[in-house]
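Every read-out reported here was derived from the displayed coordinates using simple, explicitly stated rules and does not represent laboratory data. What you see is a predicted model; the values in this text were computed from it and never measured. Cβ sites come from the backbone with ideal geometry, for glycine too, and all protein chains shown count toward neighbours.
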Amino acid sequence: QVQLVESGGGLVQAGGSLRLSCAASGSTVSIDVMGWYHQAPGKQRELVASISSGGSTNYADSVKGRFIISRDNAKNTVYLQMNSLKPEDTAVYYCNAYGVTTDRWGKGTQVTVSS
């Protein structure tokens with residue numbers, strides 16, 4: 001199985017930046033797409049950004065131009081650089097690893113953006 005550990009969340013003022021990391025271990029050969037999702041209180045979990053093993057990326061419209069997802073396949077780690085943060089970005093951010101035989105979630109990391 002794949003295990004995911006997120007880090008990098010915290011409290012930041014609006015306009016600030018944070019960088020999230022997600023390190024995968026275990027059966028990492030089974031991973032194709034890695035992504036970040038967020039879930040605000042009372043709302044459904046939503047895709048923020050994803051990146052395939054080949055480097056293709058996908059972003060939610062709300063973060064295009066502000067967030068950058070990247071991936072280090074040698075380290076089995078995916079990153080989310082979050083710039084120009086807004087209070088509406090406040091949520092728990094979850095890492096996901098997906099493949100033909102894999103669909104795993106991390107425990108999440110809290111991101112809070114103050115106005």
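Taking 1 over the mean of 1/r across every pair of different Cα atoms in segment 8-115, what Kirkwood radius in Å do you get?
Numbers: mean 1/r = 0.0719 Å⁻¹.
Kirkwood hydrodynamic radius for segment 8-115: 13.9 Å.
Highest mean first, the peptides 75-83, 99-107 sorted by other C-beta atoms within 10 Å per residue fall in the order 75-83, 99-107. Here the chain is treated with +1 on each Lys and Arg Cβ and -1 on each Asp and Glu Cβ, and its dipole about the Cα centre works out to around 120 debye. Loop-located trypsin sites (Lys or Arg not before Pro) in segment 12-74 (DSSP state other than H, G, I, E, B) with a sparse environment of at most 10 neighbouring Cβ atoms within 10 Å: Lys43, Lys64. Length gained on full extension, Ala14 to Gln81, computed as 0.36 nm times the residue gap minus the Cα-Cα distance: 22.6 nm. Within the same chain, lysines fewer than 8 places from Lys86 are excluded, and of the rest, those with a Cα less than 20 Å from its Cα are Lys43, Lys64.
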